[in-house]
Amino acid sequence: MKMPELDADVLARRREIVQALRRIVPGEGVIDSEDEMRVFESDGLTAYRTVPMVVVLPENTGQISRVLRYCHEHKIKVVPRGAGTSLSGGALPLGDGVLLGLAKLNRILEIDHDNRCARVQPGVTNLGITQAVAHDGWYYAPDPSSQIACTIGGNVAENSGGVHCLKYGLTTNNLLGVEMVLMDGEVVRLGGKHLDADGYDLLGVITGSEGLLGVVTEVTVRLLRTPEATRAMLLGFPSVEAGGDCVARIIAAGIVPAGLEMMDRPAIHAAEDFVQAGYPRDVESLLIVEVDGPPAEIDALIPRLQEIAREAGAVTMRVSEDDDERARFWAGRKAAFPAVGRISPDYYCMDGTIPRGRLPEVLTRTTELSAQFGLRVANVFHAGDGNLHPLILYDANNPGELEKAEEFGAEILKLCVEVGGVLTGEHGVGVEKRDLMEVQFGEDDLKQQQRLKCAFDPEGLLNPGKMFPRLHRCAELGRMHIHHGQMPFPDIPRF
Amino acid sequence: MSGAQAFRPETDDQLLEAVRWLVSEDAPAELVGRGTKRRFGRPMQTEHTLDLSALAGIRLYEPDELVLSAGPGTPMADIEAALAEARQMLAFEPPDLSALLAGGDPDAAGGQRRDSLGGVIACNLAGPRRVTAGAARDHVLGVEGVGGHAMVFKTGGRVVKNVTGYDLSKLLTGSHGTLAAMTHLTVKVLPAPETEATLVLSDTDLADAGRLLTTGMAEPAAVSGAAWLPGRLAAGSFGDVGAGVVLLRLEGFAASVADRQAALAGRLGAGRLGAERSLTVLDAEAPADRWRGLRDALPLTVLNADAPLWRISVPPSAGAWILQALLRPETDDIGLLDWGGGLIWLAVDVAAPEGDAGETRVRAALAAVGGHATLVRAPDPIRAAAPVFQPQPSALAALTARVKESFDPKHLLNPGRMYAGI
């Protein structure tokens with residue numbers, strides 16, 4: 001993975017930079033010993049590691065603003081980091097850059113029931129928000145599988161999803177406002193407690209910007225009432241097509257379940273071997289359908305869903321009778337990644353999204369690729385929204401196998417784009433999928449994205465080397481090649 | 001080339017050529033769809049027109065995949081008709097402001113809406129269901145367009161879950177045509193609710209409204225529309241409701257709606273309301289057109305068409321008292337609440353005019369709670385002089401200007417529509 005060239009001039013000034021940062025963040029907030037910095041050398045994409053030049057752990061917006069202003073003035077690169085759970089290398093440090101950790105900003109500032117929102121600092125964990133409001137019957141909807149550890153600031157940066165996106169949306173649909181520091185140290189507030197932010201939707205564009213546009217220092221999230229009841233169904237099908245057909249029929253019946261997950265046979269077996277969730281082993285696809293709401297609604301929906309499943313050819317059908325049973329239905333799905341980790345020394349998790357109807361085709365071709373590369377693959381699928389997580393099994397101790405797994409993964413993502421989907425549904429581009437961006441986007445598409453980056457960070461100091469396969473200077477991106485005086489379109493209808 | 005040009009491209013290539021010409025001539029243009037919102041925003045001094053109404057038609061609609069793609073000029077009436085056939089909807093309930101902005105009889109188009117998909121997206125409008133479903137920006141999946149660099153670009157895609165690159169689709173949504181001319185829009189669609197019911201709480205004044213809307217929205221009943229109309233504006237649809245009427249809408253499967261309706265009525269009704277209040281329920285036969293009217297702000301069309309109109313977004317719990325504070329005593333200032341209190345429509349009394357259409361006091365009222373106010377309707381000279389959209393603090397205004405430059409460095413697309421110099 002090619003990263004931006006190290007800036008020898010910056011590295012030569014390292015001592016002076018560390019001292020200057022200590023003046024801004026006193027005490028133990030600046031870490032420069034290699035041993036202590038080692039814990040920050042990678043995020044959830046552990047195949048890539050770099051020890052940063054220096055780690056800074058500020059405690060408030062003022063310090064963050066001053067750190068960024070200093071780095072801006074002295075042309076020093078900055079990589080923001082939440083809990084470091086990114087699966088795409090979004091928080092991979094740079095050897096000549098400051099790693100800006102937001103973990104100390106971990107307070108819940110305000111819970112406002114009347115306006116159904118909470119104002120929190122970026123280092124609060126995703127689950128921490130729900131835990132702070134659950135006793136009053138509220139929760140924060142997006143639930144990425146790392147929710148116990150990942151922070152809301154990281155969720156904003158990655159536009160994190162989870163298993164309930166189909167009904168409740170992604171992070172971007174559950175935010176009301178942020179406070180954010182730009183690379184030059186300016187502090188801006190976007191949105192607030194009102195429902196729609198004014199002006200350009202900068203809140204929308206910040207969300208999922210992978211730490212390239214600004215450092216979020218406060219987040220206002222929407223809170224929802226905890227559903228009165230929740231029930232899940234476990235449906236087994238003799239083929240992937242039948243499972244896919246069932247999903248389409250559910251949607252066509254006007255039902256938007258809270259969760260709609262699918263696993264293929266290898267994933268079912270791995271999960272069942274690991275946690276004994278009671279999954280049927282003799283099916284090709286397994287659906288978990290979860291519905292939530294008032295009990296009357298659930299009681300009305302379950303028989304409808306059973307009928308749909310029968311029509312779609314379900315060979316096993318179970319409905320959870322209580323929360324324990326529902327938890328067991330989910331146990332296998334939630335343990336799918338470690339379960340696969342148990343049957344293989346290493347696995348590589350992909351994250352493409354496809355139009356749902358193309359699932360059988362994509363799985364068939366993935367199986368062909370699996371044979372071609374000689375690597376096994378298990379599939380878990382957010383069936384409701386088309387987000388596919390193929391898990392490629394490999395052994396990093398076998399020379400060349402990591403590279404082979406990455407190549408296999410790239411082929412799957414290209415396939416996702418080919419059928420009308422995208423490279424990443426919720427894990428982000430980061431460094432991992434950076435060089436595949438040109439599969440999905442043309443040169444002009446990427447140039448427009450990078451021009452936007454220039455509006456926020458003209459020097460390209462914030463998290464460079466992520467998301468874009470090539471770095472362009474802002475001046476170059478701004479150029480226009482238009483010849484004057486041409487009127488080459490006599491055919492355009494006019495009035 | 002001189003003289004005003006009115007381009008009406010029929011293909012993306014023709015649009016690209018037209019934008020190239022604007023660039024080569026340094027000639028700004030007004031972007032128009034079906035023209036119903038031309039008077040929304042600041043008046044512009046553009047000589048040329050880029051009419052996108054011929055880039056029309058539904059290009060993809062897959063109900064099973066919950067996705068629809070269409071050209072920006074596609075009439076919303078066509079889109080709603082196609083969706084209705086599959087019992088689906090644009091969940092954000094896009095308003096048609098043509099009756100309000102263009103004047104005239106709302107029924108002139110035979111009850112058909114007159115706006116286009118592109119206009120709805122460009123203005124990021126949302127109706128009463130905003131409280132649960134979000135705004136247009138929450139439903140736009142992908143956009144293709146031509147920016148001020150005279151290059152075609154695409155962003156997003158046709159799937160819901162997509163974090164590949166910056167979400168420029170959201171940025172274009174609500175940019176009022178100041179960043180790019182859109183050629184292709186892909187939106188998320190959802191199943192339409194099986195049925196609905198509306199709780200109607202009569203003889204409620206603004207103080208009651210604040211309490212009832214906040215309480216209603218905090219209940220687990222999943223209220224999908226929460227509004228208050230003063231008696232004068234409610235009369236047309238609801239008859240005599242005294243001081244005013246609170247409306248709480250429930251949507252979904254029949255069994256669920258019945259259950260939630262009973263629970264919500266129990267929480268808000270009878271003794272809790274006070275003896276003089278009354279609670280009635282409108283079932284599925286009745287409420288749809290009333291919510292449609294509220295969506296399009298039709299209750300306001302009974303007022304003098306010259307009355308300046310403000311659309312004000314505030315923290316929902318502040319809506320009632322902010323509106324109360326904005327009604328000048330001894331005048332016919334009047335307003336209504338939507339979005340559970342989060343949206344205020346304020347009509348300023350034409351008989352008690354202010355030089356700035358009330359701008360100074362409206363902005364001042366927001367200072368304490370946050371939010372923003374848009375002068376949706378006022379005579380051109382006032383909209384040219386007073387900021388139509390909420391003025392931004394300097395760092396944010398500077399960022400906005402840089403974002404504009406990153407899409408349209410020569411300020412050719414709808415220049416000045418949102419802010420002077422943008």
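The values are calculated or read from the model by the stated rules, or taken from the named source; none is laboratory data. These numbers come from a predicted model, not from an experiment. As a convention, Cβ positions derive from the backbone with ideal geometry for all residues, glycine included, and neighbour counts pool all protein chains shown.
Among the residues of segment A:219-239, count how many are over 26 Å from the mean Cα position of the chain (by Cα) and of a type outside the set (G, A, S).
First pass over segment A:219-239, keeping only residues over 26 Å from the mean Cα position of the chain (by Cα): A:228-229, A:231, A:233-239.
Checking the rest, the ones that are also of a type outside the set (G, A, S) come to A:228, A:231, A:233-235, A:237-238.
The total comes to 7.
For segment A:389-441: of the residues being among the aliphatic types (A, V, I, L, M), within 13 Å of chain B (Cβ to nearest Cβ) and without any contact (Cβ under 8 Å) to a residue 40 or more places away in the chain, which is nearest to A:G357 (Cα to Cα)? Before the answer, list the steps.
Applying the first criterion (among the aliphatic types (A, V, I, L, M)) to segment A:389-441 yields A:391-393, A:396, A:402, A:405, A:410, A:412-413, A:415, A:417, A:419, A:422-423, A:429, A:431, A:436-437, A:439.
Okay, now just the ones that are also within 13 Å of chain B (Cβ to nearest Cβ), so A:413, A:417, A:419, A:422-423, A:429, A:436-437, A:439.
Right, trim to without any contact (Cβ under 8 Å) to a residue 40 or more places away in the chain and you get A:436-437, A:439.
Numbers: A:L436: 24, A:M437: 24, A:V439: 21 Å.
Selected residue: A:V439.
Examine segment A:65-77 for a residue that is outside any loop (DSSP other than H, G, I, E, B), among the acidic types (D, E) and either surrounded by fewer than 17 Cβ atoms within 10 Å (Cβ to Cβ) or on the phi < 0 side of the Ramachandran plot (or both), and state whether such a residue exists.
Just the residues of segment A:65-77 that are outside any loop (DSSP other than H, G, I, E, B), to begin with: A:65-73, A:77.
Pick out the ones that are also among the acidic types (D, E) and you get A:73.
With the extra rule that they be either surrounded by fewer than 17 Cβ atoms within 10 Å (Cβ to Cβ) or on the phi < 0 side of the Ramachandran plot (or both), the set shrinks to A:73.
Within segment A:65-77 (the criterion being outside any loop (DSSP other than H, G, I, E, B), among the acidic types (D, E) and either surrounded by fewer than 17 Cβ atoms within 10 Å (Cβ to Cβ) or on the phi < 0 side of the Ramachandran plot (or both)), the answer is yes, since at least one residue qualifies.
Looking at segment A:365-383, which of its residues are part of a helix (DSSP H, G or I) and either over 14 Å from A:V240 (Cα atoms) or touching a residue at least 24 places away in the same chain (Cβ under 8 Å) (or both)? It would help to see each step written out before you state the result.
Our first condition is that a residue be part of a helix (DSSP H, G or I); within segment A:365-383, this holds for A:365-373.
Correct list: A:R365, A:T366, A:E368, A:L369, A:S370, A:A371, A:Q372, A:F373.
Taking the condition facing chain B (nearest Cβ under 9 Å), part of a loop (DSSP other than H, G, I, E, B) and over 26 Å from the mean Cα position of the chain (by Cα), does A:G185 pass?
On the way: facing chain B (nearest Cβ under 9 Å): no; part of a loop (DSSP other than H, G, I, E, B): yes; over 26 Å from the mean Cα position of the chain (by Cα): yes.
For A:G185, the condition - facing chain B (nearest Cβ under 9 Å), part of a loop (DSSP other than H, G, I, E, B) and over 26 Å from the mean Cα position of the chain (by Cα) - is not met.
Take the residues in segment B:392-410 that are in a loop (DSSP other than H, G, I, E, B) and surrounded by 17 or more Cβ atoms within 10 Å (Cβ to Cβ), then tell me which one is farthest from the other protein chains (Cβ to nearest Cβ).
B:D408
Restricting attention to segment B:123-154, which residues are free of Cβ contacts under 8 Å to residues at least 40 places away in the same chain and not hydrophobic (A, V, I, L, M, F, W, C)?
B:R137, B:G145, B:K154, listed by residue number.
Is it fair to say B:T186 is in a strand (DSSP E or B) and within 13 Å of another protein chain (Cβ to nearest Cβ)? Walk me through how you get there before you give the answer.
Working: in a strand (DSSP E or B): yes; within 13 Å of another protein chain (Cβ to nearest Cβ): yes.
Against the criterion (in a strand (DSSP E or B) and within 13 Å of another protein chain (Cβ to nearest Cβ)), B:T186 qualifies.
Please indicate, with yes or no, whether at least one residue in segment B:33-40 is away from chain A (no Cβ under 12 Å), in contact with a strand residue (DSSP E or B) (Cβ under 6 Å, 6 or more places away or on another chain) and assigned to a loop (DSSP other than H, G, I, E, B).
Here is the first cut: in segment B:33-40, the residues away from chain A (no Cβ under 12 Å) are B:33-40.
Checking the rest, the ones that are also in contact with a strand residue (DSSP E or B) (Cβ under 6 Å, 6 or more places away or on another chain) come to B:33-34.
Now drop any that are not assigned to a loop (DSSP other than H, G, I, E, B), which leaves B:33-34.
Yes: one or more hits.
Hey, any hits in segment B:333-340 for a residue that's modelled with pLDDT under 90, β-branched (V, I, T) and within 15 Å of B:V245 (Cβ to Cβ)? Quick ask: steps written out before the conclusion?
Just the residues of segment B:333-340 that are modelled with pLDDT under 90, to begin with: none.
Within segment B:333-340, none of the residues are modelled with pLDDT under 90, β-branched (V, I, T) and within 15 Å of B:V245 (Cβ to Cβ).
Let's see how each residue does on (1) buried (at least 16 other Cβ atoms within 10 Å of the Cβ); (2) in contact with a Lys or Arg (Cβ under 8 Å, 6 or more places away or on another chain); (3) at pLDDT below 95; (4) not assigned by TED's automatic domain parsing to the domain that holds B:P128:
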site: B:P230; (1), (2), (3), (4): yes, no, no, yes
site: B:R249; (1), (2), (3), (4): yes, no, no, yes
site: B:A254; (1), (2), (3), (4): yes, no, yes, yes
site: B:A270; (1), (2), (3), (4): no, no, yes, yes
site: B:A275; (1), (2), (3), (4): no, no, yes, yes
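All but one of (1) outside any loop (DSSP other than H, G, I, E, B); (2) farther than 21 Å from A:E241 by Cβ; (3) touching a strand residue (DSSP E or B) at 6+ places or on another chain (Cβ under 8 Å) hold for A:D351; state the number of the condition that does not hold.
Result: A:D351 passes all but (1).
Against the definition (more than 10 Å from every other protein chain (Cβ to nearest Cβ) and either small (G, A, S) or touching a residue at least 12 places away in the same chain (Cβ under 8 Å) (or both)), how does A:G211 come out, yes or no? Full working, then the answer.
Details: more than 10 Å from every other protein chain (Cβ to nearest Cβ): yes; either small (G, A, S) or touching a residue at least 12 places away in the same chain (Cβ under 8 Å) (or both): yes.
When the stated conditions are applied, A:G211 passes them.
If B:L50 satisfies every condition in (1) within 14 Å of another protein chain (Cβ to nearest Cβ); (2) among the hydrophobic types (A, V, I, L, M, F, W, C); (3) under 20 Å from the mean Cα position of the chain (by Cα); (4) part of a strand (DSSP E or B) but one, which is the exception?
(3)
I need the full set of residues from segment A:4-40 which are surrounded by 18 or more Cβ atoms within 10 Å (Cβ to Cβ) and in a loop (DSSP other than H, G, I, E, B), in order please.
A:V25, A:D32
All but one of (1) touching a residue at least 40 places away in the same chain (Cβ under 8 Å); (2) more than 28 Å from A:R376 (Cβ to Cβ) hold for A:A314; which doesn't?
So A:A314 meets the others, but not (2).
Please indicate, with yes or no, whether at least one residue in segment B:143-152 is under 28 Å from A:H164 (Cα atoms), more than 7 Å from every other protein chain (Cβ to nearest Cβ) and in contact with a Leu (Cβ under 9 Å, 6 or more places away or on another chain).
Keep residues of segment B:143-152 that are under 28 Å from A:H164 (Cα atoms), which gives B:143.
In the following step, the residues that additionally are more than 7 Å from every other protein chain (Cβ to nearest Cβ) were identified as B:143.
In the following step, the residues that additionally are in contact with a Leu (Cβ under 9 Å, 6 or more places away or on another chain) were identified as B:143.
Yes, the conditions are met somewhere in segment B:143-152.
Working only within segment B:222-264, note down all residues that are within 14 Å of another protein chain (Cβ to nearest Cβ) and in a helix (DSSP H, G or I).
Within segment B:222-264, B:A254, B:A255, B:S256, B:V257, B:A258, B:D259, B:R260, B:Q261, B:A262, B:A263, B:L264 qualify.
Name the residue that is nearest to B:T214 (Cα to Cα), counting only residues in segment A:85-123 that are more than 14 Å from every other protein chain (Cβ to nearest Cβ), surrounded by fewer than 24 Cβ atoms within 10 Å (Cβ to Cβ) and without any contact (Cβ under 8 Å) to a residue 60 or more places away in the chain.
Per the stated criteria, the residue is A:I108.
What do you reckon, is A:I250 part of a helix (DSSP H, G or I) and surrounded by fewer than 18 Cβ atoms within 10 Å (Cβ to Cβ)? Walk me through it before giving the result.
Numbers: part of a helix (DSSP H, G or I): yes; surrounded by fewer than 18 Cβ atoms within 10 Å (Cβ to Cβ): no.
When the stated conditions are applied, A:I250 does not pass them.
Here is a list: A:L305, A:L301. Which entry is in contact with a Gly (Cβ under 9 Å, 6 or more places away or on another chain), within 14 Å of chain B (Cβ to nearest Cβ), over 30 Å from A:T46 (Cβ atoms) and surrounded by 18 or more Cβ atoms within 10 Å (Cβ to Cβ)?
Details: A:L305 fails: in contact with a Gly (Cβ under 9 Å, 6 or more places away or on another chain).
When all the criteria are applied, what remains is A:L301.
When segment B:97-142 is examined, which residues are found to be part of a helix (DSSP H, G or I) and either at pLDDT below 95 or touching a Leu at 6+ places or on another chain (Cβ under 7 Å) (or both)? Don't jump to the end; show me each part of the working.
Initial filter on segment B:97-142 (part of a helix (DSSP H, G or I)): B:98-101, B:117-122, B:130-133, B:136-138.
Passing the criteria: B:S98, B:A99, B:L100, B:L101, B:L117, B:G118, B:I121, B:R130, B:A136.
Is it fair to say B:G216 is farther than 15 Å from B:W345 by Cα and in a helix (DSSP H, G or I)? Show your work before the answer.
Numbers: farther than 15 Å from B:W345 by Cα: yes; in a helix (DSSP H, G or I): yes.
Spelling it out, B:G216 is indeed farther than 15 Å from B:W345 by Cα and in a helix (DSSP H, G or I).
How do the pairs read when you match residues in segment B:50-70 that are of a type in the set (F, W, Y) with residues anywhere that are in a strand (DSSP E or B), using Cβ under 6 Å and keeping only pairs 6 or more apart or on different chains?
Partner pairs satisfying both residue conditions: B:Y61/B:L68.
Among the numbered criteria (1) within 22 Å of B:A91 (Cα to Cα); (2) over 21 Å from the mean Cα position of the chain (by Cα); (3) among the basic types (K, R), which one does A:K167 miss?
A:K167 satisfies every listed condition except (2).
Take segment B:312-357 and flag every residue that is more than 10 Å from chain A (Cβ to nearest Cβ) and assigned to a helix (DSSP H, G or I).
Listed by number, the residues that qualify are B:A320, B:W321, B:I322, B:L323, B:Q324, B:A325, B:L326.
Of everything in segment B:9-25, what is outside any helix (DSSP H, G or I) and either at pLDDT below 95 or touching a helix residue (DSSP H, G or I) at 6+ places or on another chain (Cβ under 6 Å) (or both)? Give them in sequence order. Step through it out loud before you land on a result.
Of all residues in segment B:9-25, those outside any helix (DSSP H, G or I) come to B:9-11.
Scanning segment B:9-25 gives a single hit, B:P9.
If you take the residues in segment A:1-45 that are touching a Ser or Thr at 6+ places or on another chain (Cβ under 8 Å) and small (G, A, S), which one is nearest to A:S65 (Cα to Cα)?
The initial filter retains those residues of segment A:1-45 that are touching a Ser or Thr at 6+ places or on another chain (Cβ under 8 Å), namely A:3, A:41-45.
Then drop every residue that is not small (G, A, S), which leaves A:42, A:44.
Numbers: A:S42: 25, A:G44: 27 Å.
Top of the filtered list is A:S42.
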